[in-house]
Amino acid sequence: MHRGKGMKFVGDSRVPALRKPNIPKDYSEYPGKTEAFYPNFLLKEWLIGAVFLIGFLILTVAHPSPLEAQADPTDTGYIPLPDWYFLFLYQLLKYEFASGPYNIVGAIIVPGLAFTALLLAPFLDPGPERRPIKRPLPTAFMLLALSSIVYLTWESVVNHDWEAAEAQGQIVEEVAIDKESEGYQIYANATCINCHGENLEGGVGPALVTTEKTAEEIAEIAVNGITKNDVVAMPPSWTGSEEELAVLAEFIATLGDEE
Amino acid sequence: MLNKLYDWVDERLDITPIWRDIADHEVPEHVNPAHHFSAFVYCFGGLTFFVTVIQILSGMFLTMYYVPDVENAWNSVYYLQNEVAFGEIVRGMHHWGASLVIVMIFLHTLRVFFTGSYKKPRELNWMVGVMLFGVILGLGFTGYLLPWDMKALFATKVGIEIAASVPVIGEYIKILLAGDDTILGAQTLTRFFAIHVFFLPAALLGLMGAHFIMIRKQGISGPL
Amino acid sequence: MSNNRVSRRQFLSYTIMGVGGFMASSLVLPMVRFAVDPALQVEGDSDFIVTDQLVSELTEEPIRVSFSYEQQDAWYTSEVTNDAWVYKAGDEIIALSPVCKHLGCTVQWEGSADFPNQFFCPCHNGRYEKNGNNIPGTPPLGPLDQFVVEVRDGYLALGEVKPNFIVS
C-alpha cells in the first residue's frame with residue numbers, strides 16, 4: 001500500500017487525492033511462483049470448500065442429530081456421557097490418581113498444565129529451528145499429548161456400555177395403559193413396578209412399552225432375568241403362578257401394538 | 001451503473017486499497033495444494049473459518065424457534081426438528097458442525113505446531129489461536145446443554161462439578177455458571193444460552209478479527 | 001485486453017462466483033426454507049367449536065357469545081377465549097367477528113350512546129351497521145368478518161372466520 005510522506009490528501013481529510021487505479025496487475029504474466037490471492041488462490045480454496053460442504057451436507061442428511069428425552073433431574077439411573085471431544089477428560093477422571101482425593105489432579109492440574117503449555121509454546125520452544133525433527137523435545141511432548149488423548153478417548157469408547165446408553169434417555173412414546181386391566185394388576189403387585197416404573201416408562205430397568213418381544217420371550221426374561229457378559233442386568237424376578245405369568249407377558253407384549 | 005456507484009463511494013472513502021490489499025496479496029506456492037498436494041494441510045485454518053460461518057448462520061436461524069426455558073426448550077427443539085421443514089437439516093448442520101469445527105481447529109493447531117509456524121514473530125498470533133481453541137471448546141460445552149435433554153443435563157452436571165473442583169474459587173465459578181449453588185435448572189439454562197449466544201461468539205469474533213489481521217500483517221510462514 | 005475476449009482473470013472470477021453461489025445457496029436455502037416455514041404451513045380445515053349458546057334464545061338483537069378452544073401454537077398449547085356478536089336475521093344466524101377492521105380493537109354493539117343500532121369501536125370511533133358494513137367516513141376500510149355458523153343439537157357452533165359475506 002502506498003503510504004507515508006509525499007502522499008497528497010483531499011482538503012484536510014485523510015482521503016488521498018491520488019487514487020489507486022481499480023485495475024489490478026495481470027498475474028497471468030507474473031513470472032514468480034507466488035500467485036494472487038484473488039482470484040487464483042481463492043478459487044482453489046473454494047473448490048476445497050465446496051467439496052467439504054458437499055460431504056458435510058451429506059452427513060447432516062444421513063445422520064439426523066440426536067435428541068434424547070426431555071431432561072429429568074430425578075432420573076438417577078442415567079449415566080452421563082460428554083460430547084466426544086471431552087471424552088479423554090472424562091476418561092482421565094476415572095483413574096486412581098486423577099480422581100477421589102486426587103480429583104484436582106485430573107480435573108484441573110493436568111488439563112490446566114496442558115493448556116498453559118500449549119498457550120506458551122512459542123516461549124517454551126524459542127529456538128529458531130522449525131522442522132519437527134530438529135526440535136525433538138517439543139515434538140515429543142506434542143506426540144505424547146496426542147497419543148494420550150487418542151488412547152484415553154479410545155479407552156473411554158470401548159469401556160462405555162453403548163447399548164445401555166442407547167436405551168437410556170430414549171424418547172418414550174406415551175402409551176395409554178389400562179391400569180384396571182388384569183395384566184397391569186399383576187405387574188403392579190409383582191416386583192416389576194419397582195424398576196420399570198408406574199407407567200412402564202422405565203427407571204432402573206428399561207421401558208416396557210415397546211419391547212418388540214413376543215409374550216414367550218417376556219415370560220422367559222421375567223423368570224430367568226437377563227445376564228449379559230456375566231453381569232446381571234436383570235435378576236430373576238418372577239415368583240408367581242404360571243397363569244399369571246402368561247397374562248402378564250401377554251399384557252406387556254401387546255403394549256404399544258395397538259394403534 | 002454499478003461502477004459509477006463504486007466510484008462515488010471510493011472517491012469519498014478510498015475503499016480500493018482496503019480490498020486491493022486482501023485481493024492482491026501474493027500467496028506463496030508452498031501453501032498451494034495445486035503445486036504440492038501435501039499443502040492441503042494449510043487448508044484446515046480456512047475450513048475452520050468456513051465451519052464457523054456455517055455455525056453462526058445455522059445458529060442464528062435456530063434461535064428463531066428455540067426458547068431457553070426449562071419448560072419449553074426441549075419441546076421447541078423437538079418441534080423444530082420434527083415439525084418444521086428442513087429443521088432436521090438446520091439443526092444437523094449446527095450439531096455436526098460443532099464436531100467438525102473442533103476437528104478442523106485441532107488439525108489446524110497440529111499443522112501450525114509441527115511446521116513450527118508459531119515461532120518469532122508469530123507468538124502473539126499463536127496465543128490468540130489457542131484462546132480461540134478455548135472459546136470454541138466453551139461454545140461446544142455450553143451448546144451441549146441447550147436442547148435440555150437427558151444427556152445435556154447430566155453431562156453438564158459433571159462439567160460443572162469439574163469447574164467446582166478448582167481450588168478456592170471453584171464454588172463461585174459453579175454458582176456463576178449454574179446460577180444456583182445446588183440446582184441445575186432454569187437459571188443454568190438461561191445462563192448457558194447467554195454465554196453460548198452472546199458472550200462467547202463476541203469473544204470469538206474479536207479474536208478471529210485479531211487472528212486474521214495478524215496473518216495479513218505477518219504473512220504466512222515460509223516453507224520448512 | 002480486448003473487450004470481447006474473456007481474460008484468464010475474468011474466467012477465474014466467474015468460476016469463483018459460480019462456486020461461491022453454489023456454496024452460499026446450498027447453505028442458505030435450507031435455512032431460509034426453515035425460517036419461512038410458518039408462512040408455508042398448510043392450514044388445516046378449522047373445526048366447528050360448539051358454544052353454550054342455545055340457538056332458540058337468539059333474537060334480532062346482537063349478543064356477545066364467548067367460546068373457548070384449545071389453541072396449538074407450535075409447541076405451546078393454550079386455552080383461548082374468543083367472542084362473536086350473534087343475532088338472527090329472519091331464519092338466518094349471523095355471527096360477526098368483534099375484531100375492528102381498522103386496527104384490530106374490539107367492537108361493541110351499541111358501544112356508544114350516540115350511535116344506537118351500530119357496532120362501535122372505542123379506539124378510533126369506527127362504526128359498523130348491524131350487518132357489519134362499515135359506515136363511510138369512519139376509520140375502518142371494510143366490513144366486519146363473519147363466522148361460518150352451524151347448529152348442533154340446538155346449540156350454536158362457530159367455524160372459520162371469513163370475509164363478510166352478507167354485505168353486498
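Throughout, read-outs are computed from the coordinates displayed, never taken from laboratory work. All figures in this text were calculated on a predicted structure; none of them were measured in a lab. FYI the Cβ positions are ideal-geometry reconstructions off the backbone, even for glycines, and counts take in every protein chain you see.
Normalising by the residue count of region C:49-162, find the relative contact order in percent from Cα pairs under 8 Å and 6+ residues apart. Provide the component values of the computation, followed by the final result.
On the way: 237 pairs, mean separation 27.2, N = 114.
Dividing the mean separation by the residue count of region C:49-162 yields 24 percent.
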*Distance in nm between label sites at C:Ala89 and C:Phe165, each 7 Å beyond Cα in the beta-carbon direction?*
1.3 nm
*Specify which residue in the list C:Met17, C:Asn82, C:Thr106 is farthest towards the positive end of the charge dipole of region C:1-108, using unit charges on the beta carbon of Lys, Arg (+1) and Asp, Glu (-1), about the Cα centre.*
C:Met17
*Given R₀ = 41 Å, FRET efficiency for A:Glu182-A:Thr76 by Cβ-Cβ distance, to 0.05?*
0.85
*Filter the trypsin sites (Lys or Arg not before Pro) in region A:137-234 to those in DSSP coil with at most 12 other Cβ atoms within 10 Å of their Cβ, and list the result.*
A:Lys179
*Tell me which lysines have Cα within less than 20 Å of B:Lys174's Cα, excluding those fewer than 8 residues away on the same chain?*
B:Lys151, B:Lys157
_Rounded to 10°, Cα long-axis angle of helix C:8-35 versus longest principal axis of chain C_ = 20 degrees
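Which loop GluC sites (Glu not before Pro) in region B:52-115, with loop taken from DSSP, have no more than 16 other Cβ atoms within 10 angstrom of their Cβ? Mind showing how you got there, number by number?
Numbers: sites: B:Glu71, B:Glu83, B:Glu88; in loops: B:Glu71, B:Glu83.
Loop-located and lightly packed - B:Glu71, B:Glu83.
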*Amide proton proximity set for C:Gly126, modelled H, under 5 Å, gap of 5+*: C:Cys121
_Hits among lysines - C-alpha to C-alpha of C:Lys130 under 26 Å, sequence gap 8 or more where chains match_ = C:Lys88, C:Lys101, C:Lys162
*Put +1 on the Cβ of every Lys and Arg and -1 on every Asp and Glu Cβ in region C:49-162; which of C:Leu141, C:Thr51, C:Ser66 then has its Cα farthest towards the positive end of the dipole?*
C:Leu141
*From the backbone phi of region A:147-154, what are the Karplus-calculated ³J(HN,Hα) couplings (6.51 cos²θ - 1.76 cosθ + 1.60, θ = phi - 60°) in whole Hz, Gly and Pro given as x?*
5, 6, 5, 4, 4, 5, 4, 5
*Could you go through region A:99-115 in sequence order and give the Karplus-derived ³J(HN,Hα) for each residue, using 6.51 cos²θ - 1.76 cosθ + 1.60 with θ = phi - 60°, rounded to whole Hz, and x for Gly and Pro?*
8, x, x, 9, 3, 5, 5, x, 8, 10, 5, 5, x, x, 4, 4, 5
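State to the nearest 20 debye the size of the charge dipole of the protein assembly as shown about its Cα centre, where the only charges are +1 on K and R beta carbons and -1 on D and E beta carbons.
6740 debye
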*asked:* Along the Cα→Cβ direction, 7 angstrom out, place labels at C:Ile49 and B:Glu71. What is the inter-label distance in nm?
replied: 2.0 nm
*Residue-wise, which Karplus ³J(HN,Hα) couplings in Hz belong to region B:56-65, taking 6.51 cos²θ - 1.76 cosθ + 1.60, θ = phi - 60°, and x for glycine or proline?*
5, 4, 5, x, 4, 6, 4, 5, 5, 10
*Given labels modelled 7 Å from the Cα in the Cβ direction, how far is it in nm from A:Glu216 to B:Asp21?*
8.0 nm
*Can you list residues whose amide H is under 5 Å from B:Val70's amide H, if they're 5+ apart or on another chain and H is modeled 1.01 Å from N?*
none
*Candidate lysines - alpha carbon under 29 Å from B:Lys119, same-chain residues fewer than 8 apart omitted*: A:Lys33, A:Lys44, A:Lys134, B:Lys217
*For an R0 of 41 angstrom, estimate the FRET efficiency from the Cβ-Cβ distance between A:Thr254 and C:Ser56 and round to the nearest 0.05.*
0.25
*Among C:Glu60, C:Glu110, C:Glu79: highest mean-square fluctuation, GNM of chain C, C-alpha pairs under 10 Å*: C:Glu79
*In degrees, nearest 10, range 0 to 90: what is the angle between the Cα axis of helix B:200-218 and the longest Cα principal axis of chain B?*
20 degrees
*Would you mind checking the tilt of helix B:2-13 against the longest principal axis of the Cα atoms of chain B, expressed as 0 to 90 degrees and rounded to 10?*
90 degrees
*Could you point to the residue in A:Phe251, A:Leu42, A:Ile186 farthest towards the positive end of the protein assembly as shown's charge dipole, with +1 and -1 charges on the Cβ of Lys/Arg and Asp/Glu respectively?*
A:Leu42
_Can you give me the long-range amide H partners of C:Asn134? Hydrogens built in the peptide plane at 1.01 Å from N, cutoff under 5 Å, separation of 5 or more residues or another chain._
C:Glu129, C:Leu144
